[in-house]
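Written below as structure tokens is the structure these notes are about.
Read the figures in this text as sums done on the coordinates, not as results from a lab. These numbers were taken from a predicted model, which means no experiment stands behind them. A quick note on method: Cβ atoms are made from the backbone with ideal geometry, for glycine too, and the neighbour counts reach across all protein chains shown.
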Amino acid sequence: MIDEPSSSNKKKKIILIAIPIILILGYIGWIRFLDFGKIEVYENPPYEVVVFDQGTYQCEDAPCVIKTETGPKFISFYKTGYKSIKENIEVNLWTSTEVYPELKRDPHLGTIEKIPESPTKYPHKKYDIQYNEKNHNWKLVEEDTPDRAIIYFPKKPKDYQLLSGNNAAVLLTNTVTYIKTQSKQTQNIADANYSAIALKVSPNGKYFLIKTRDQQNQLSTKVISQNLVTTLNENAKFESAYWTPKNVLILISKLETQWLFEEYNPETNQTQELLTTNMLLYKPSNIVAGKNGETLYFKSGEKFFQLNF
């Protein structure tokens, strides 16, 4: 004969034990599988993200996606050559929180035993203006393919200089004409009362760094892009400029007893100060831009230096 009250009590005990277990398992399942959002970090890799009380993530992709529990998060960002920063964000359920860390450069100048790299040479095309016997006019050609005209001129440009890049050329007369040699487009971007006496073309062949002399014999340094001519460092004793593999210029200027290092980006036409230092007693020489695009090596006096930026 079954003891009904006893059986009923056992069922109650089982239910009382099962309910907390189910709740705990449900909570664990919620936390582990359902209660999540994502952090999407938009920054040029590589860099490191630390999510407080969760872990450290080495980010090699953009965006860097981190799966995490919902709620407020305290995160830190670390990147070589930049100052570390911290941010508080809120991660919502089943959504992505986009983060754009505003990392600030942290350039460093130090001495080294010797310059570890040699200058990188970037091959550029060479263009010429030649007489076109067929149509009795003048044509712009690439020297390797003189039978293939890029653009035509009704007559030979007067007192011209031709600057050659990659898929781009600049014609200097009394105006500055930028020529896109692939699309065969030309654009007059400025007047020119000067001549070029030295030229350094950017690695991608799109930007032209020229040293100029005007009609009053005044010297200046300019950068020509496809729609702009910019004069560099008019208010400082400008010494030199060097292209990096990232197609930006490192500018070096003398400020009384100090030396100023700046970065100029011709794509954005913006200049950013990197470093001011009194470590140098002599003008930098033997300058080499590192292949990573974030290092400059040079000699000053008898010492060698490395600038990380």
- Note on the structure: Taking a ≥ b ≥ c as the square roots of the eigenvalues of the Cα gyration tensor, with a/c under 1.5 meaning rounded and otherwise prolate when a/b exceeds b/c and oblate if not, segment 122-221 is oblate
- Message: If the elastic network links every pair of Cα atoms under 10 Å, which of Val176, Val50, Val201 fluctuates the most in the Gaussian network model of the chain?
- Response: Val50
- So what is the 222 nm mean residue ellipticity for the chain from helices alone, if each DSSP H run of at least 4 adds -39500 (n - 2.57) and you divide by all residues, rounding to the nearest 500 deg cm²/dmol? -3000 deg cm²/dmol
- Message: Can you give me the orientation-averaged projected area of the convex hull built on the Cα atoms of segment 37-105, in nm²?
- Response: 4.0 nm²
- When the chain is modelled as a GNM with alpha-carbon springs shorter than 10 Å, which of Lys158, Lys254, Lys222 fluctuates the most? Lys158
- Message: Connecting C-alpha atoms closer than 10 Å in a GNM of the chain, tell me which of Gln130, Gln258, Gln54 has the biggest fluctuation.
- Response: Gln54
- Fewest to most Cβ atoms within 10 Å: Thr97, Thr221 sort as Thr97, Thr221
- Convex hull volume of the Cα atoms in the chain, per residue, in Å³? 238 Å³
- Note on the structure: Partner lysines whose C-alpha sits under 16 Å from that of Lys200, ignoring same-chain residues fewer than 8 away, are Lys121, Lys125, Lys126, Lys211, Lys222, Lys246
